[in-house]
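Worksheet for the structure shown next.
A short reminder: the numbers here are calculations on the coordinates, not readings from a lab. Everything quoted here is computed from the prediction, not taken from an experiment. Here Cβ is always computed from backbone atoms with ideal geometry, including for glycine, and neighbour counts include all displayed protein chains.
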Amino acid sequence: MNVSEDRARSAFGNEQDERTYRKALKAKQGFVKRFGDDSNAVYHLKSADVPVIGEALGVRNLVMADGDTALDLAADAAAAPKPALTDRTVAGADGAPVIVGNIRMGFGHYRISMAMASAAHAMGYTPYWLDLASFDQTTGSKVIAYQNDLYSMGSRLSQKIGLFNRLYWEPLNSEGFRKLSYNAGDQKNAELCVPLFRDIDPNTPYVGTHVWPAQAAVHAGLTHVVNAIPDNWPMALHLAEGTIHTVQTPSAYLGYHQLRGMDPKRQLNPMPLDSLVYTGHYIDHELVSNIAHDCEARRRRLLGGGPIRYLISVGGAGAQQELFAAIIERLLPYVRTEQATLLINVGDHRGVWEGLVKSVAGLSGVARTHFDNFAEVARLAEDALDGDLTGVHAFCDSDIFSAVYSSNLLMRCCDVLVTKPSEFSFYPVPKLMIHRVGGHEAWGAIRAAEVGDGTYEIDDTDEVLAMIDSFQLDRELVAFMCDNIEAANRIGIYDGAYKVIDLAVNGIR
């Protein structure tokens with residue numbers, strides 16, 4: 001496959017100025033000089049087992065092959081075990097391959113990828129995981145790793161230095177990434193990932209859960225590409241012309257359609273109707289199919305006087321540790337009297353847990369740790385669905401798949417998810433929304449508050465703690481969110497992942 005037309009020149013008929021284009025070209029050349037030019041390299045892929053989610057979601061991992069044999073994805077999928085039948089299985093799917101192109105940038109894009117793989121598996125397809133950041137020897141992966149490191153550092157600094165957050169980080173994440181000119185640089189950088197696609201049949205259904213994998217697939221000539229946009233705040237960062245763009249909310253649909261505010265100096269041409277679809281929230285089949293059961297179990301626990309179960313999921317950047325420490329300190333007295341249960345997932349960041357232990361007096365003495373033992377986490381989550389669960393439980397796993405998917409399992413058996421308004425904003429679980437990390441996340445909390453399955457964003461620590469006290473005193477508050485989750489489910493708000501996979505396979509009909 002050859003790199004397609006120069007998409008850095010314009011977006012949906014909106015021309016980039018020459019200065020913007022030359023800046024994008026110069027940035028790409030700088031990365032080539034720094035990380036090497038592998039545009040003529042021949043990379044072959046093979047499929048491999050995936051830890052944890054391989055069995056749960058039927059996923060195969062696309063990794064670098066040792067030899068010169070080109071991957072035959074259709075044959076590989078035909079040889080894989082056929083997905084079990086579900087109420088979502090599509091007639092004729094028969095295990096056909098669907099690629100989920102992603103990168104690890106924090107946990108969010110991995111979590112959305114798991115939702116897509118779960119939906120594909122439930123619909124009868126064989127999902128393949130393609131993490132463009134995982135091919136360490138390639139120029140594209142090196143560029144992604146470099147940019148991811150910068151973003152993670154910025155996230156951490158934004159929580160430690162208020163001036164940096166107010167003057168640089170918030171504006172960058174809300175307005176900087178919003179500009180149409182930003183898209184030109186990303187389009188050029190995505191060209192560096194094209195060599196990884198040489199083994200992939202261009203007609204293979206493909207879902208990108210970050211814009212770079214979506215852009216790279218189009219540059220490589222793939223024809224059935226869906227660009228699953230994660231955020232509820234329209235930004236040119238997420239544009240990948242040549243794909244079907246999907247969004248999770250009506251407000252995002254209108255904002256993207258008009259390319260709202262992406263160039264304050266001119267009124268831009270809107271996106272064509274066949275390039276944008278509102279799907280609803282991207283949620284795993286395992287969560288959607290169990291909404292009724294899980295909400296009823298929550299009501300039974302809450303209104304029956306049992307402890308309220310709080311799940312704190314700390315993001316990959318390890319930001320907001322001081323706030324999390326304050327939340328844990330407030331909850332510990334409730335835990336000691338069995339009015340609350342506390343579940344803390346620090347992902348694959350052992351240092352975050354060690355920091356919390358140092359910050360919160362008495363935490364280490366009451367916490368039961370479940371580290372690097374996913375089977376134990378799965379048993380705990382399964383037993384807790386209809387059984388008892390008390391105390392403080394801490395989770396950490398050096399395997400990224402276990403680290404991310406542990407929260408998926410624990411979501412089903414928790415009563416309140418304590419989270420910043422990231423991708424979790426859209427999940428069917430009652431949510432306490434704490435302060436965002438990056439301005440673009442604000443509209444995720446707005447969506448949750450309007451659907452009624454989460455609180456509004458609370459950016460003051462004392463107000464967060466007051467909301468916890470309110471949950472403890474008035475159990476109906478969490479039951480109210482459960483009512484809203486069930487109402488939203490009845491009208492298909494959480495069916496977005498299924499619709500994305502259908503679009504990748506069949507296009508817009």
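Positive-end ranking of W233, Y206, F135 along the dipole of the chain, with charges on Cβ about the Cα centre, is headed by W233. Estimated from helical segments only, the mean residue ellipticity of the chain at 222 nm is -13000 deg cm²/dmol, where each DSSP H run of four or more residues counts as -39500 (n - 2.57).
Loop-only GluC sites (Glu not before Pro) in region 14-121, please: DSSP not H, G, I, E or B, and at most 16 other Cβ atoms within 10 Å. Answer in residue order: no site qualifies. Remark on the chain: C193, C396, C413, C414 stand apart, with no other cysteine beta carbon under 4.7 Å. Counting every other Cβ atom within 10 Å of each residue's Cβ, H210, H281 order from fewest to most as H281, H210.
Relative to the longest principal axis of the Cα atoms of the chain, the long axis of helix 476-490 makes an angle of roughly 30 degrees.
As a calculated quantity, the FRET efficiency between K265 and L163 at R0 = 30 Å, using C-beta atoms, amounts to about 0.55. Report the local net charge at M433: Lys and Arg +1, Asp and Glu -1, summed over other residues whose C-beta lies under 13 Å from its C-beta. With Lys, Arg at +1 and Asp, Glu at -1, the neighbours total -4.
Assuming charge only on the beta carbon of Lys and Arg (+1) and of Asp and Glu (-1), the dipole of the chain about its Cα centre is about 1160 debye to the nearest 20.
Around the amide H of A93, modelled in the peptide plane, lies no amide H under 5 Å away from a residue 5 or more places distant or on another chain.
The charge dipole of region 289-490, taken about its Cα centre with unit charges on the Cβ of Lys, Arg, Asp and Glu (plus for the first two, minus for the last two), comes to roughly 220 debye. The stretch between D372 and A41, if pulled fully straight at 0.36 nm per residue, gains 115.4 nm over its current Cα-Cα span. Pairs from the list K23/K179; K179/K431; K142/K420 with a Cα-Cα gap above 19 Å: K179/K431; K142/K420. With Cα atoms defining each centre, region 278-314 and region 458-502 are spaced 9 Å apart in the structure.
When the Cα positions of P333, F395, Q320 are compared along the charge dipole of region 303-399, P333 comes out farthest toward the positive end, with charges on each C-beta of Lys, Arg, Asp and Glu. The tail of the calculated P(r) for region 289-490, taken as Cα-Cα distances beyond 20 Å, holds 52 percent of the pairs. With R₀ set to 30 Å, the beta-carbon distance separating D68 from D136 gives a calculated FRET efficiency near 0.90. Normalised by 2.2 N^0.38 Å, with N the number of residues, the alpha-carbon radius of gyration of the chain equals 0.95. Between D469 and Q258, the modelled labels are 4.2 nm apart [label points 7 Å from Cα along Cα→Cβ]. Rg over Rh for region 429-509 works out to 1.10, using Cα positions for both radii and the Kirkwood form for Rh. Listing I312, I283 from fewest to most neighbouring C-beta atoms within 10 Å gives I312, I283. Packing-based ranking of 112-122, 485-495 yields 112-122, 485-495, ordered from highest to lowest mean Cβ neighbour count within 10 Å. For region 318-390 versus region 92-110, the inter-centroid distance based on Cα atoms is 30 Å. A cut-off of 5 Å between modelled amide H atoms, ignoring neighbours fewer than 5 places along the same chain, links K420 with I434.
Candidate cross-link partners of K188 among the aspartates and glutamates, defined by an alpha-carbon separation under 18 Å and a same-chain spacing of 8 or more, comprise E5, D6, E15, D17, E18, D37, D38, E241. Can you tell me the 0 to 90 degree angle between the C-alpha axis of helix 496-506 and the longest principal axis of the chain, rounded to 10? Here the helix axis deviates by roughly 20 degrees.
For the pair E486 and R22, label points projected 7 Å from Cα toward Cβ lie 6.4 nm apart. Protection proxy ranking of 132-143, 407-418, 64-75, by the mean of other Cβ atoms within 10 Å over each peptide's residues and highest first, is 407-418, 132-143, 64-75.
Computed from the C-beta positions of A78 and R34, the FRET efficiency with R₀ = 45 Å rounds to 0.60.
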